[in-house]
Structures are given as structure tokens and as C-alpha cells.
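Computed from the coordinates by the stated procedures, all read-outs in this text should not be read as laboratory data. Quantities reported herein were computed from a predicted structural model and do not represent experimental measurements. Heads up, the Cβs are rebuilt from the backbone with ideal geometry, glycines too, and the neighbour counts pull from every protein chain shown.
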Amino acid sequence: MSRPTIVTMPGDGIGKVVLPEALRVLEKSGFAADYVEADIGWEFWCTEGNPLPERTIDLLREHKVGLFGAITSKPKGEAAKELRPEVRDQGHVYYSPIVSMRQRFNLDLCIRPCRSFSGNPLNFIRKGPGDTVEEPPVDVVIFRQNTEGLYSGVEWTGPPEHVRQALDTHPRFKAYADVPSEDLAISCRIFTRSACRRIVEEAFKYAREFGYKSVTVCEKPNVIRETSGMMLEMGREVQKQYPEIALWNTNIDAQMMWLTKNPEDYGVIVAGNMFGDIVSDGFAGLVGGLGFACSANVGADCAVFEPTHGSAPKYEQLSPSIVNPIAMVLSACMMLDHLGETERAGRIRQVIGAVIAEGKVRSYDMLKLPGGPDVIAKGAATTDQVADAIIARL
């Protein structure tokens, strides 16, 4: 294939630390690409009033593949206070740049694999019969609808009069008839049939391709009848084309209980934006936490790959760095899969598994230590030492 150009977006905090380590691993694996770094994050919000500048949008539009580090987000009021004086009072409102990117390019498929590595001391364990201890293998892939739902951004504090009038037509809104509009905060949960169908179809395609025996729609249709009900309806309709794959239906609250009882029973899970966010973090906790949680944001014409951890700015300035780069490296592997480099991606994952199983090089989270500069003296590997161990085995 032709040599791709990857738009790299380190972003904020530890994104600037872990993304270069992933690029080192990619280089040593023999992956040949050109990289162009793009601006995104808190610095550009403060100086320009836009954490996702148009120049970055242009680069993604041209090259269609991005590798993203991490982002800092703060509530609206706090964000406004940090604007530089020269860009204040110009109508700028902070909105998460990664959410904006997903909507701008319709990156509607968010794919989050949660797979345990043998020998990881952070893997989920449970009591078995008698005094035994079990460590069930976890291999779950969450398909999260990425552009709609509660993250669509259609919300108001103090809804305008025409919105209030529309809400007043719903019988259930009578309970709020006497509440002044300025005391109302409203967020809309919007699902569309086409987006529900696409995420469910992709989940079933993935299950068939990789041999998963079930697809679970994880929503709340017994209470959120219209939106969750639409997702479940699409699940039942699409499943008819995949008779060998079982369709399961779980409520998000029950699912969060069951994932710590029998996580090995689940394969592919599909959910709306918020519930997909919740359940993927829950399963990530069973396979080592956010230091191992990778994701892909995929649309028809563009794809961006990122770890699901935050920017953790308190760790950015530690020298040497102590953060775990594995989630970022696994996100880069998802990018390789997207580019057709599946053999290379598999080899890197296999090497990560070997490093973890050997147990000689472990980041502070794998040693179950509180993060801080003293963890290296307690035996924790630095960020670059973890990457070096992966590279040495490659």
C-alpha cells in the first residue's frame, strides 16, 4: 500500500508523553509513514478561543487518519475564566474538541476493545468454589454510538420560550409547569434510526468476522422507551441476518453488576453514546484500567485513534515520566488494523502480552502504587522503559 500520512495530535497533559512512545514502537515495528503534528487542546482554547482550530480540521480532511493523545476539559465557567484577555467576551463557548471532531467528521463508530493480558496483576479475579481464586479471561468489544445521544450537545440552561412551549406539549412535562425557565437545565437524548442501524450492523459484522457468539444491546428500554427502544428494535431487526449470533438485551445498571460476576460471558456490546462510555470504562477496569484502554473513532471518510484515559496534567511534568503508555500503543495498533496492517498490529499486541507476562517491566499502576515521583525507587518502570521493553522484543 502507499505510504500513509498520519495526523498526530498529542493534545494536553500526558498525551504529549505517551504519543511519542507509540510512534517509537510503530517505527521499530517497521511501519513506514509520514507524520504531521496538529494543534488541539487547552492551549488553543486559551489563546484562540477554539480548542480544535480549523487548520487541524483541514489536515484531518486531507489525510483522513489521526492519532490522538489526550484532552483537558473543564466546565463552561472555569473554561471561560482561562481565556486570554484578548479573546474574552467574543462569544466563545468551550466544547470538547474530541466530541467536536467526532461530530464534524461523523466519526459515528466508537470501538473499544477490552481484552485481558495473561499475567497482568490488575486483571479481574473472583472467588471460586471453596477457597479457589478464578481469573476469567475477558474479551469484550464495545461498539459505542459516537455522535448522538446525550453527547449531541443539544441542551439549555434556561430554555428559550419556543423550546419551553414545545416541551409544554408533552404530558410528562406538566410536573415542571411551575418551574421558571431560568431554573431549568435540559439536555436532549437524540437517537436516529439510521445511526442506530449502522452501529448495530457494524457490531454484528465484527462479531461474525472475529467469531463472537453474541451481540448485547446495553441500554435501558424499560424506562427510556423511545431512544433505548429504537436501539433494541434495530438489534432485533439486524440479528435476523446473523442467525448464528445470539442477540442479548441488558439494562445498563444491571450490566454494571453482571460485568463483575460473569464478564467472560460477553462478546460484542453495542450501546448509545453515554451508556457505551460507561460500560466500556467498566470493562476496562477488569483488564487493567485506563492504562490498557484503547479506542477507535471511525467514520465513512476519516478515523481517529486514541486511548480513553484523560490528560492527567499532574503527571505531565514528572521527569522521568511514570505513566503507562500501553493504551496509546494499543490505540496505534487499532490504527494499523484500519490501514490494513493487521499482521504488524497483531505482532505488537503479542509482544505487549509477552512483556506483561514476563513481569520484569511494570508501570506504577501495574504495581498498584499511588502515582508520584517516588514510584521509580519502589520498582516501577518509567514510561520510556515500558516502551523500550516492547521495542526490544519487537
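Couple of notes before you dig in:
- Sorted by Cβ density within 10 Å, fewest first, the residues 35, 94: 35, 94
- Cα-Cα P(r), segment 178-270, percent of pairs per 5 Å interval: 3, 13, 22, 20, 17, 11, 5, 4, 3, 2, 1
- Cα shape, segment 292-394, gyration tensor, a/c 1.5 rule: oblate
- In this label model, residue 134 and residue 314 are separated by 3.6 nm, measuring between points 7 Å along each Cα→Cβ vector.
- The residues packed around residue 256, meaning those with a beta-carbon under 14 Å from its beta-carbon, carry a net charge of -2 if Lys and Arg are +1 and Asp and Glu are -1.
- Spin-label pair residue 34/residue 178, simplified geometry with 7 Å Cα→Cβ offset, distance in nm: 6.8 nm
- The ratio of the alpha-carbon radius of gyration of segment 10-93 to the globular-protein estimate 2.2 N^0.38 Å is 1.28.
- The helix-only estimate of mean residue ellipticity at 222 nm for the chain, built from DSSP H runs of length n ≥ 4 each weighted as -39500 (n - 2.57), is -11500 deg cm²/dmol after division by the residue total.
- Gyration tensor (alpha-carbon) shape descriptor, segment 169-216, a/c threshold 1.5: prolate
- Normalised contact order of the chain, rounded percent, pairs of Cα under 8 Å and 6 or more residues apart: 21 percent
- Partners of residue 74 within straight-line reach, counting lysines whose Cα lies under 27 Å from its Cα and excluding those fewer than 8 residues away in the same chain: 16, 314.
- For segment 210-233, the residues whose amide N sits under 17 Å from a probe point set 7 Å from the Cα of residue 262 along the beta carbon direction are 213-218.
- Projecting the Cα atoms of 103, 71, 258 onto the dipole axis of the chain, where Lys and Arg carry +1 and Asp and Glu carry -1 at the beta carbon, places 258 farthest toward the positive end.
- Using the Cβ-Cβ distance between residue 226 and residue 78 with R0 set to 41 Å, the FRET efficiency from 1/(1 + (r/R0)^6) comes to roughly 0.75.
- Across segment 1-44 the C-alpha pair distances fall into 10 Å bins from zero in the proportions 26, 50, 21, 3 percent.
- Linear extension gain, residue 242 paired with residue 350, 0.36 nm per residue minus alpha-carbon span: 35.9 nm
- With θ taken as phi - 60° and the Karplus curve 6.51 cos²θ - 1.76 cosθ + 1.60 applied, the whole-hertz 3J(HN,Hα) list for segment 189-197 is 9, 10, 10, 10, 4, 5, 5, 4, 4 Hz, x standing for glycine and proline.
- Counting 0.36 nm for each residue step from residue 90 to residue 170 and taking away their Cα separation leaves a gain of 25.2 nm.
- Of all lysines in the structure, those lying under 25 Å Cα to Cα from residue 213, and not within fewer than 8 positions of it along the same chain, are 205, 240, 261.
- Hydrodynamic radius of the chain per Kirkwood, over alpha carbon pairs, in Å: 22.5 Å
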